[in-house]
Amino acid sequence: MKAIKQTAILFIILVTSLISAQEKSESELTSKLNNGVHFVAELSDSNVKLKDSVIITYKLYVAQDIGISNYNMRDYIESEDFKVEDITSSDVKVEYEVFKNEKYRFVILKKSVLKPKQKGKFELEALVLDFTSEIPSKNSDAFGRLIMEKVKRTIKTDNITINVI
């Protein structure tokens, strides 16, 4: 009877440890994804004259050890205060840049020219991006390669303020 109790206690400890390790692993994956993928909107100029235009570029920055697939932008620029012309190239090119003191790969997902229709201070809402990410887990396959975990995520840019003078 004593052996059964000891076995049961060891089993409970083992299960608790496995659950704790799994939760920690999921937490680490989420943290890695939150710190390794950034969706950024860049303005050519936040102060623009009424007769001029401004270019807004949406970049997706991805850390070296993370993969991205199946991305989809849910929201597009809609504004009655600007004429919006999409100038995005259909050729997506991967480039490299230092971002937040780290080397990242990035792609330009969208580029638009905004021509103001009136003077004032305007705020454009964030663009939302859905994507599937592949993050290396701590597990490896029979050949010693890390197994990639697929995680679906949604991120968005910050809102953008444009001052038309």
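Derivation of every value follows stated rules applied to the coordinates shown; laboratory data play no part. Keep in mind it's a predicted model, so treat the numbers as computed, not measured. Backbone-built Cβ (ideal geometry, glycine too); neighbour counts: all protein chains shown.
Some observations on this one:
- Karplus-derived 3J(HN,Hα), 6.51/-1.76/1.60, for each residue of the range 47-53, Hz, glycine and proline x: 10, 9, 7, 4, 8, 8, 10
- Nonlocal amide H pairs with Ile68, under 5 Å, H built at 1.01 Å: Glu134
- Cα centroid separation, the range 94-123 to the range 36-68 (Å): 1 Å
- Reducing the range 75-90 and the range 125-160 to their Cα centroids gives an inter-centroid distance of 27 Å.
- Difference of contour (0.36 nm per residue) and Cα-Cα distance, Asp130 to Asp86: 13.8 nm
- Each of Leu127, Leu146 has some number of other Cβ atoms within 10 Å of its Cβ, and from fewest to most they run Leu146, Leu127.
- With neighbours defined as other Cβ atoms within 10 Å of a residue's Cβ, the residues Ser90, Ser31 order from fewest to most as Ser90, Ser31.
- Here the gap between Asp75 and Lys150, fully extended at 0.36 nm per residue and compared with their Cα-Cα distance, gives a gain of 24.6 nm.
- Applying 1/(1 + (r/R0)^6) with r as the Cβ-Cβ distance of Thr57 and Ser31 and R0 = 45 angstrom yields a FRET efficiency of 0.95.
- Equivalent ellipsoid semi-axes, the range 40-165, via Cα gyration tensor eigenvalues times 5, rooted, Å: 36, 14, 12
- Fully extended contour minus Cα-Cα distance, from Asn101 to Gln64, at 0.36 nm per residue: 12.0 nm
- Asn47 paired with Lys93, simple spin-label distance in nm, labels 7 Å along Cα-to-beta-carbon: 3.2 nm
- Calculated from backbone phi, Karplus (6.51, -1.76, 1.60) coupling profile of the range 56-72 in Hz, x at Gly/Pro: 10, 10, 9, 10, 10, 9, 9, 4, 4, 9, 10, x, 10, 8, 6, 8, 8
- Residues whose placed amide H lies under 5 Å from that of Leu127, excluding near-sequence neighbours: Thr157
- Calculated from backbone phi, Karplus (6.51, -1.76, 1.60) coupling profile of the range 89-100 in Hz, x at Gly/Pro: 7, 6, 8, 7, 10, 7, 10, 10, 7, 7, 9, 6
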